[in-house]
Every structure is written in structure tokens, then in C-alpha cells.
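Some notes on the structure that comes next.
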Amino acid sequence: MKRGVSFFILFFLTSVLFAKIPEINLKELFKDPAQSTEAMLSLNTMEGFSSAHWIFSSVYNFQTSDFFACAGIEGKYGKFQLTMDALYWFFNHPSLKLGANFNYNFALFAKYSTCNNFLPGVVLEWVPEKWLTIDFNAAYFLKLRNIFAMSDTHPVFYNNSVAFILRSTFSLPKNFTLSMQFASIEPFHYMLFCAPSFTLGIMYSTKQNYDIFVNATVRYIDFFTNSSHYEESQYTLGVRYKW
């Protein structure tokens, strides 16, 4: 019964996401795209669930005025991930945007399990000042996990949850950008609602279409309970090329 409810919610939200596709002029939707690719090297403190200190990831981004999509991979010792995300702004104003997105993540834990994460949701972007952008993403979160040692008796374990991302971005002088994020998920980190993270990032944009950025992330477990405790930290250095 619970599994049927899970898939019904997922189907309903996905239907809302794609309901306007027949009305969309695809030629206009994908007109004059801004594209970029980025490579990142991360150092994890390995105090929590991470299986390695060093982590490599790469992401490709595609963006137009009303549409955004990205796909990326992450590799580290004992684990491989694939993440894809698509976002359509059905209300687009210079100071306020409202859209629907669908995020999918696949994770392979070598010798142990596979995990599929499905997150249909809504996104709000507010620009109260030219130098400040606030983004909020709320999503339904369905996690399906197959544990190899138990696959004969329990082929799939599933969890229903919700996910959120709250991010503030500040445009600074001299081509610098500062960002602060509080979120229950990250592009390659999909824990349940009670295990959020805090991320502080700074980026410098060059005149040669490159962005250089550094992020520091701190993660917690059972954050919304009396037993909240620190899990681990991760530090990332990245380079993005835009065209």
C-alpha cells in the first residue's frame, strides 16, 4: 500500500512538471543557450559515511531564459554516482521566478548496494536587489535501495521523504560571488530530511570565461531533533568554463 502511494505521489508531481510540454515551443525554449562544464576535486574528512578522502566530480550545464538542465558524475573509492536535473520556469519575471524541476540520482556502492533517488519539485527564485538572489527548492523525495546481500528476500527498500534547498547568492565587487546554502540534499549527496548540510562558497569569474570557486560544507545528522550531531566536512575546489 505504501509503495503504491509513493509511486502515485511521484507520478502526480512528475505529471505537473511536464503538463505544459505540449504548449511549449521547443525551438524558442532552447534558443541561445549558455553552456558550461566544470570539474571539481573535493577533500572529505571521512568522519561520516564517505568512503574516501579524495573525490572527483564533473558537471555539464545547459541554460536558456526559461530552461535549465545539467548532468554530472562523481567518482571516489568504492562509489560512483550519476546525477541529472531539469528545470522549467513557467513564471519568469526579472525579480521573481517560479518553476518545476525533476532531479534523478543513481549511486553504486561497490559490492554493497545501488540506490535510485527521484525528486520532483518546485523552485522559487527571488531577486530583491541586483546584488542578491534567493533560491528555494522543495521536492518530494523517493529513495529506492537494493542491498546485494539481501536482494533475494528484500529486492528493494524504499523511503518517502521531502527535500529542500535554500540558497542566497551575493554579487560582490571585482567579479567575486559569495553563496550560502542550507539544504537536505546536494548534487552528489542524498540523505533523508533529518541530515542537512551548510555550505559556504566563494567564486571568482575571469574575463576569459572561467569561474574558479571554493566551497566548504559541514554536514549534520538528526539535525531537527535533540540528538543532533556533527557528521563530517567536505572542501571543494572547482573550475568552470563557459561558452
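Some notes on this structure:
- The set of residues from the range 98-122 being among the aliphatic types (A, V, I, L, M) and open to solvent by 20 Å² or more (accessible area, probe 1.4 Å) comprises Leu98, Leu108, Ala110, Val122.
- Pairs with Cβ under 7 Å, 6+ apart, first in the range 75-101 and farther than 14 Å from Phe62 by Cβ and in contact (Cβ under 8 Å) with a residue 60 or more places away in the chain, second in a strand (DSSP E or B) and open to solvent by 70 Å² or more (accessible area, probe 1.4 Å): Gln81/Ile73; Ala100/Phe90; Ala100/Val122
- When restricted to residues that are more than 28 Å from Arg145 (Cα to Cα) and surrounded by fewer than 16 Cβ atoms within 10 Å (Cβ to Cβ), the range 190-225 contains 11.
- Matching residues, the range 148-177, being part of a strand (DSSP E or B), open to solvent by 50 Å² or more (accessible area, probe 1.4 Å) and either among the hydrophobic types (A, V, I, L, M, F, W, C) or more than 30 Å from Phe213 (Cα to Cα) (or both): Phe157, Tyr158, Asn159, Asn160, Val162, Leu166, Leu172, Phe176
- Number of residues in the range 185-243 that are outside any loop (DSSP other than H, G, I, E, B), of a type in the set (D, E, K, R) and closer than 22 Å to Asn137 by Cα equals 2.
The values are calculated or read from the model by the stated rules, or taken from the named source; none is laboratory data. Model, not experiment: these values are computed from the prediction. Note that we place each Cβ from the backbone using ideal geometry, even for glycine, and neighbour counts take in every protein chain shown. For the accessible areas, the whole protein counts, side chains as well, though only heavy atoms, and no ligand, DNA or RNA atoms are used. Shrake-Rupley method; radii C 1.70, N 1.55, O 1.52, S 1.80 Å.
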